[in-house]
Amino acid sequence: MPPPLYPKVVTLRPEIGADLFRSENMAAQSAFAVKDSFADLPLEQLPAETLFSTTWIRKEASAEVPSGAPWKRIATKEDLTR
């Protein structure tokens, strides 16, 4: 059971499909939240409402630390402990 205000279903890989919602357990649930991480669940099969959708953006990390940066690369267990 998830903590309060967390979704009861979170997809961790794409193409889960309708099998998730064919479960009698899911059909018997009253209100619940779903985090469809890949936006590919057939939520139209449920009396569901989309609250919001988003798009991920990312920037490739640079292997170099800019000069004068207030951080340093953590490379060893000792660095991480420190």
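The values are calculated or read from the model by the stated rules, or taken from the named source; none is laboratory data. Quantities reported herein were computed from a predicted structural model and do not represent experimental measurements. Glycine also receives a Cβ, built like all others from the backbone with ideal geometry; neighbour counts cover every protein chain displayed. Just the protein is used for accessible areas: all its heavy atoms, side chains included, with ligands, DNA and RNA removed. Shrake-Rupley method; radii C 1.70, N 1.55, O 1.52, S 1.80 Å.
Might you check whether a residue that is out of contact with any helix residue (DSSP H, G or I) (no Cβ under 6 Å at 6 or more places or on another chain) and not in a loop (DSSP other than H, G, I, E, B) occurs anywhere in segment 45-62? No - not one qualifying residue is present in segment 45-62. For segment 49-73, a residue qualifies if it is open to solvent by 100 Å² or more (accessible area, probe 1.4 Å) and over 30 Å from residue 31 (Cα atoms), and the qualifying residues are 57, 58, 59, 60, 64, 67, 70, 71, 72, 73. Among the residues making up segment 49-78, those that are modelled with pLDDT of 75 or more, of a type in the set (Val, Ile, Thr) and more than 26 Å from residue 10 (Cα to Cα) are 74, 76. Within segment 11-48, the set of residues being open to solvent by 70 Å² or more (accessible area, probe 1.4 Å) and at pLDDT 80 or above comprises 12, 13, 15, 35, 38, 39.
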